[in-house]
Amino acid sequence: MQLTTDIKQIILQSRETAIRAVDFQRVLMYWHIGKRIFEEEQQGQDRADYGAYLIKELAQQLVPEFGSAFSSRQLNWYRQFYRTFPIVNALRSQLNWTQYRMLLRLDDADKREFYIAESVKNNWSSRQLERQIYSNLYERLLLSNDKASVLAVVKFSLPEKQIFAS
């Protein structure tokens with residue numbers, strides 16, 4: 001029955017939208033935590049020592065109440081996240097924390113921007129983004145005289161659902 005099919009589709013789309021909204025709120029929370037840590041560090045006398053102490057002390061206070069998402073290692077990621085993406089309005093709601101963590105590992109800002117744009121345009125999952133980064137898509141495109149062919153191979157390697165989503 002068409003009505004049932006339509007309603008199922010509405011339910012599935014709403015669930016996906018809700019999941020993305022929650023994921024993005026988590027990304028924003030991590031950004032704000034990173035910003036606050038960074039601002040506090042800038043007031044310290046000896047930044048390197050103070051930063052390490054600050055994060056360790058914060059983790060000891062936060063982990064018992066909020067869990068391992070606020071360990072020293074994670075707090076360092078949040079600080080790096082803020083430093084890499086200092087403009088909150090530039091964050092993309094289509095990307096989740098796992099994708100942003102992968103992007104943080106890229107030293108080249110142009111390369112990072114390329115993968116952000118392609119992830120959003122092609123609705124890449126975290127796994128698809130990881131696969132494209134490790135297959136050096138950015139470098140292959142820079143070296144290629146036939147960029148359309150390289151991008152066609154990327155589209156061919158994505159699941160059918162993702163090809164039609166772009």
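Please rank Lys8, Lys111, fewest neighbouring Cβ atoms within 10 Å first, as an exposure proxy. All intermediate terms of the calculation are to be shown ahead of the outcome.
Values: Lys8 10, Lys111 17.
Fewest-to-most Cβ neighbours within 10 Å comes out as Lys8, Lys111.
Normalised radius of gyration (Cα atoms, divided by 2.2 N^0.38 Å) for the range 22-102: 1.08.
Please give the length that would be gained between Phe66 and Val120 if that part of the chain were fully extended, namely 0.36 nm times their separation in residues minus their C-alpha to C-alpha distance (nm, one decimal). The partial results should precede the final answer.
Numbers: separation 54, 0.36 × 54 = 19.44 nm, distance 3.07 nm.
Stretched fully, the Phe66-Val120 segment lengthens by 16.4 nm.
Distance between the pseudo-spin-label points of Ser135 and Leu104 (7 Å out from Cα toward the beta carbon): 2.6 nm.
Using a Förster radius of 22 Å, what is the FRET efficiency between Arg127 and Met29 based on their Cβ-Cβ separation? Nearest 0.05, please.
Values: r = 24 Å, r/R0 = 1.07.
So, using R0 = 22 Å, E works out to roughly 0.40.
Taking a straight Cα-Cα cut-off under 18 Å and skipping sequence neighbours fewer than 8 places away in the same chain, the aspartates and glutamates within cross-link reach of Lys56 are Glu39, Glu40, Glu41, Asp46, Glu65. Label separation (Val22 vs Leu3): 3.0 nm, computed from points 7 Å beyond Cα along the C-beta direction.
The numbers here are math on the coordinates, done by the rules we state, and not lab data. Quick caveat: nothing in here was measured; it's all calculated off a predicted structure. Heads up, the Cβs are rebuilt from the backbone with ideal geometry, glycines too, and the neighbour counts pull from every protein chain shown.
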